[in-house]
Amino acid sequence: MTTVPATGSSTDTSSTSSSSQAAPTLDYNDFLQLMIAQLQNQDPLNPTDSSEFMSQIAEFSNVEQGINANSKLDQLLVNSNISQASTMIGLQITGTDGTTGIVQSVRIDSSGSTAVLTSGEQVPIDAGVTIGYPTS
């Protein structure tokens, strides 16, 4: 919106949207639904250009491959965390808050890994945690 002040010069007072808001992401099903809607609503007398349609099919394949790759990477990370967790059992851990104890078990969930100590306390395994052999 442009306003003209009393002095006669024009000033642009349009507002810009903040880039701090996250853009919504589309998943595999959303992409498929959009493509089906496009096919159902196209003009039968002027169908979609075949090269454009093939480009969309290729993009659909890329989206599917990306989703599959992410799924496999997630599984690799879980397997890696499980492997590392098994080596921590029986070791002494010191958390970033100073909590110290012997690791009885390790819990792995979507938020990361957590060491459960013999005392029942829980220590998140993240940057700054010290793990070593018991001193006593």
Legend entry - Per-residue ³J(HN,Hα) for segment 78-92, Karplus 6.51 cos²θ - 1.76 cosθ + 1.60, θ = phi - 60°, Hz, x for Gly and Pro: 4, 4, 5, 4, 5, 4, 5, 5, 5, 7, 8, 4, x, 8, 8
Legend entry - Rg/Rh ratio calculated on Cα atoms of segment 87-136 (Kirkwood radius): 0.92
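Each reported figure results from applying straightforward, stated rules to the coordinates on display, with no laboratory input. All figures in this text were calculated on a predicted structure; none of them were measured in a lab.
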